Amino acid sequence: MLIDRVETFLVAPRWLFVRIETDTGVVGWGEASLEGHCAAVRAAVEQFAEYLLHRDPLTIEDHWQVLSKSGFYRGGPVLASAVAGIDQALWDIAGRHLGVPVHQLLGGAVRDRIRAYGWVGGDDPAEIADAIQAQLDVGLTAVKMNASGRMGRNGSVAELDAVVRRVAAARDVLGPTRDIAVDFHGRFTLATARRIAPLLEPLHPFFLEEPVVPENSHVIGGLVAATTIPIATGERLYSRQEFLPVLQAGIAVAQPDLSHAGGISEVRRIASLAETYDVQLAPHCPLGPIALAACLQVGFATPNYLIQEQSIGIHYNRGAEVLDYVLDKEPLRFVDGAIERLTGPGLGIEVDDAAVRAADRRGHEWRTPIWRHADGSLAEW
């Protein structure tokens with residue numbers, strides 16, 4: 001069995017799918033979505049395809065090593081995302097070739113289901129309450145919300161008060177038995193994060209996510225030491241080496257993105273590294289069905305897996321929905337706030353090839369919004 005074709009598909013709302021076909025007809029799918037830079041990743045996948053064609057798809061680790069390390073200039077989100085999409089597709093091929101789900105190839109299942117959470121928006125407490133209730137109505141028991149929109153560099157009294165009021169509104173709806181995670185989205189300075197965290201402690205957030213931008217990961221220990229709330233980060237870290245400093249700093253939850261951090265192969269290693277620091281895994285995944293399935297396959301075989309982000313029904317999926325690209329929606333259905341163990345071969349979902357090809361003909365040009373502070377300088381989105 002040899003790799004016969006590598007294709008990429010730019011599909012709405014902001015995703016990039018990878019399809020690898022073998023000369024025996026076995027097909028694997030991966031997701032290399034790098035929001036705002038999918039065209040660049042597509043070019044990287046096409047370049048990697050020059051190496052992959054006519055090679056054995058089952059030597060997954062060797063392909064990962066070559067694609068990740070054979071270039072003199074390596075790493076970064078574009079190349080790591082390209083490797084991630086290819087890696088997922090190769091694992092999908094391996095599972096389908098052998099007739100087993102990927103988690104069986106990773107050592108077998110350690111759980112029967114994975115708890116999931118959904119994202120909620122809203123600028124005022126009333127909107128937050130309505131959005132959370134909608135997520136509870138579809139069966140989820142945990143949600144995540146942004147702490148704020150654009151945040152001033154030193155966080156005014158009004159800005160900090162607004163954060164507390166919105167999280168309090170969320171807690172009122174959720175009660176004491178369900179969870180709310182709060183995403184700082186890298187919009188806070190360390191000083192502002194240290195000011196707001198004690199104010200949120202009485203509301204018991206599930207975790208505080210990405211309190212500072214990833215390039216300032218070296219200061220995250222200052223927040224860990226200042227609060228009892230678990231600190232999470234990692235959606236913009238792409239390797240074990242980049243995760244090591246934040247693990248050493250004492251974060252509680254690691255959030256690698258399987259479409260950015262080298263795919264299934266590297267995230268499995270990140271999970272093992274995190275386990276040695278008593279850190280739980282909660283992969284970042286506001287993406288499509290292939291990325292979600294890849295996350296779940298890792299989760300079913302990973303002891304220190306906490307919860308799974310997913311974007312089914314999320315408000316910013318404009319032009320297409322997560323489940324629009326799968327033939328059978330049942331495997332990704334929520335049951336008591338969780339997704340049951342996927343039992344199909346490979347990634348455990350069946351991608352709708354025709355729908356993907358039709359979407360690619362339309363394509364997308366999604367770009368990251370540009371925000372500015374009142375003085376005209378660039379603000380973190």
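Miscellaneous remarks
- Annotation: Y51 carries an accessible surface of approximately 60 Å², with a 1.4 Å probe and no ligand, DNA or RNA atoms counted.
- Nearest 10 degrees, 0 to 90: helix 38-52 Cα axis against the chain principal axis: 30
- Computed over the chain, the ratio Rg/Rh where both radii use C-alpha atoms and Rh is Kirkwood: 0.96
- Solvent-accessible area per residue in the chain equals 40 Å², computed with a 1.4 angstrom probe and all protein chains kept.
- List L53, L90, ordered by accessible area with a 1.4 Å probe, largest first: L53, L90
- Along each principal axis, Cα extent of region 31-94, largest first, Å: 31, 26, 16
- Taking the longest Cα principal axis of the chain as reference, the axis of helix 77-98 is set at about 50 degrees.
- Computed per residue of the chain from DSSP H runs no shorter than four, each worth -39500 (n - 2.57), the mean residue ellipticity at 222 nm is -11500 deg cm²/dmol.
- Length-normalised contact order for the chain - Cα pairs under 8 Å, 6+ apart - percent: 22
- Ellipsoid semi-axes for region 118-226, based on the Cα gyration tensor and the rule √(5λ), read 24, 14, 12 Å when sorted largest first.
- Solvent-accessible area, 1.4 Å probe, carbon plus sulfur percent, for region 1-147: 52
- Taking the 1.4 Å solvent-accessible surface of region 150-216 as the whole, the part contributed by carbon and sulfur is 54%.
- Packing rank of 73-79, 83-89, 168-174, where each peptide gets the mean count of other beta carbons within 10 Å, highest leading: 83-89, 168-174, 73-79
- Our estimate of slack between E321 and L98, defined as 0.36 nm per intervening residue step minus the Cα-Cα distance, is 77.2 nm.
- In range of the label at D172: residues from region 97-124 whose backbone nitrogen is under 14 Å from the point 7 Å along Cα→Cβ: 124
- Segment R113-W381, length gained on full extension (0.36 nm per residue, minus Cα span): 93.1 nm
The values are calculated or read from the model by the stated rules, or taken from the named source; none is laboratory data. What you are looking at is a predicted structure, and each value in this text was computed from that prediction instead of being measured. Note: ideal-geometry Cβ built from the backbone for every residue, glycine included; neighbour counts use all protein chains shown. Each accessible area value is taken on the protein alone, full model and side chains, heavy atoms only, with ligands, DNA and RNA left out. Shrake-Rupley method; radii C 1.70, N 1.55, O 1.52, S 1.80 Å.
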